[in-house]
């Protein structure tokens, strides 16, 4: 799993609610992530997420998830680990009129 530092200060408003996603690792441990942004590239959906535990930090670490499969009830994601793919999607997310600043 590759995470990059993202500056998200002032992005979250206490009165707003954000969509979350739960990821389960190989050992069965579940982690909740807050979805910060989403983008579709070449018919592949990517999510920019921050761990729900870290969302209140001034500079939480974020990750990019890539949809790898879906059915009528669920979508399945994996962490983007390829550096070139991560950079490409990060740049596209930054160009997508955002309320956050990414540092990588």
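FYI, it's all coordinate maths here, none of it is from the lab. Since we're looking at a predicted model, the values are computed, not measured.
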Task: Distance from region 67-86 to region 40-62 (C-alpha centre basis), Å - done: 13 Å
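Over its Cα atoms, what ratio of radius of gyration to 2.2 N^0.38 Å does region 19-102 give? All intermediate terms of the calculation are to be shown ahead of the outcome.
Working: Rg = 12.8 Å, N = 84, 2.2 N^0.38 = 11.8 Å.
After normalising by residue count via 2.2 N^0.38 Å, the value is 1.08.
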- [ ] At 0.36 nm per residue, minus the direct Cα-Cα distance, what do residue 72 and residue 45 gain on full extension? Give it in nm, one decimal, please.
- [x] 8.1 nm
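Subtracting the Cα-Cα distance from 0.36 nm times the residue separation, let me have the gained length for residue 54 to residue 95 in nm, one decimal.
Numbers: separation 41, 0.36 × 41 = 14.76 nm, distance 2.42 nm.
Fully extending the segment from residue 54 to residue 95 adds 12.3 nm.
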